[in-house]
Amino acid sequence: MTTLAGLLDRVAFPARLTAHVVEPTADPRIHGYAVEADLARNVGLLDVCWLALIGELPTPTEREALTAALILLAPLHVGEAPAHAGVLARVAGAPDEVVPAIAVVALGQRIAAELRGLAALFAWLREPAGPPPAPAVLADPTADQRERHHRLAAASARWFGPDRALPVDPVLTREATAYALLHRLGVGDPLRLQAFATWARLPVVLAEAAHAVPGAVTDYASDLPPYRYVEDP
């Protein structure tokens with residue numbers, strides 16, 4: 001029998017995987033920092049997340065701005081798709097190890113839709129001209145919302161300098177403010193934005209799912225308002 005060589009047989013593949021983030025030693029290293037000897041003793045989890053995604057530990061200013069951005073992104077209530085998907089999966093009896101996977105898929109879709117909807121904001125942040133685009137602006141903000149936004153805008157001037165501060169007016173939406181802070185921190189590519197937004201939201205989503213009783217279908221609010229899924233063109 002003649003064995004024919006295919007394309008993959010003619011390609012010289014590497015013999016080993018390349019580790020770019022975690023070095024698999026006895027005390028694993030993340031971008032050169034030993035997890036037990038260095039990181040666990042001296043920094044917090046937020047620092048490790050920044051280190052993994054950016055490649056170096058954050059400065060105090062970066063840590064403060066990143067904390068604000070992640071907290072702004074964190075809340076997703078049960079009526080929003082990622083939390084709803086986690087609750088529904090648990091009610092339907094999905095294994096515990098599957099529920100986070102379902103939630104993460106829904107989160108990824110939610111975040112991707114947000115990033116598409118805020119594309120004009122990212123363009124404006126790169127080259128500000130005129131006011132921020134309408135999709136990023138909060139319609140009819142309350143006095144409290146204005147005050148909170150003004151405090152964040154003042155903080156952003158301290159973090160990034162007056163030329164790169166968030167606008168005082170108009171008032172940006174909470175999500176737009178969070179993504180604008182990440183952009184000012186130098187996080188501009190979709191995958192890292194996905195990573196930070198997922199990390200901010202997953203604990204809340206899974207905490208909501210943890211309150212659902214597996215198999216308790218009669219406790220699920222099935223008489224919900226009509227809805228339909230719409231896919232982007």
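The values are calculated or read from the model by the stated rules, or taken from the named source; none is laboratory data. Bear in mind the structure is a predicted one, so any value in this text is a computation, not a measurement. Quick reminder, even Gly has a Cβ in these numbers, built from the backbone with ideal geometry, and neighbours come from all protein chains shown. Quick note on the areas: whole protein, heavy atoms, side chains included, nothing else; ligands and nucleic acids left out. Shrake-Rupley method; radii C 1.70, N 1.55, O 1.52, S 1.80 Å.
Of all residues in the range 135-156, which are within 22 Å of the chain's Cα centre (by Cα) and either open to solvent by less than 50 Å² (accessible area, probe 1.4 Å) or aliphatic (A, V, I, L, M) (or both)?
Hits for the range 135-156 are A136, V137, L138, H149, L152, A153, A155, S156.
Out of the residues in the range 166-200 that are of a type in the set (D, E, K, R) and touching a helix residue (DSSP H, G or I) at 6+ places or on another chain (Cβ under 7 Å), state the one that is least open to solvent (accessible area, probe 1.4 Å).
Checked the range 166-200; the qualifying residue least open to solvent (accessible area, probe 1.4 Å) is R184.
Let me spell it out: the conditions are (1) touching a residue at least 60 places away in the same chain (Cβ under 8 Å); (2) more than 22 Å from A221 (Cβ to Cβ); (3) among the small types (G, A, S), and A119 meets all of them except one. Which number is the exception?
(1)
Go through the residues of the range 147-170 one by one and say whether even a single one is at pLDDT 95 or above and either among the β-branched types (V, I, T) or touching a Phe, Trp or Tyr at 6+ places or on another chain (Cβ under 7 Å) (or both).
No, every residue in the range 147-170 fails to be at pLDDT 95 or above and either among the β-branched types (V, I, T) or touching a Phe, Trp or Tyr at 6+ places or on another chain (Cβ under 7 Å) (or both).
I'm trying to understand the selection: among the residues of the range 115-142, which are assigned to a helix (DSSP H, G or I) and touching a Leu at 6+ places or on another chain (Cβ under 7 Å)?
If we filter the range 115-142 for residues that are assigned to a helix (DSSP H, G or I), which is where we start, we get 115-117, 119-126, 134-136.
L115, P135, A136 - these are the residues of the range 115-142 that are assigned to a helix (DSSP H, G or I) and touching a Leu at 6+ places or on another chain (Cβ under 7 Å).
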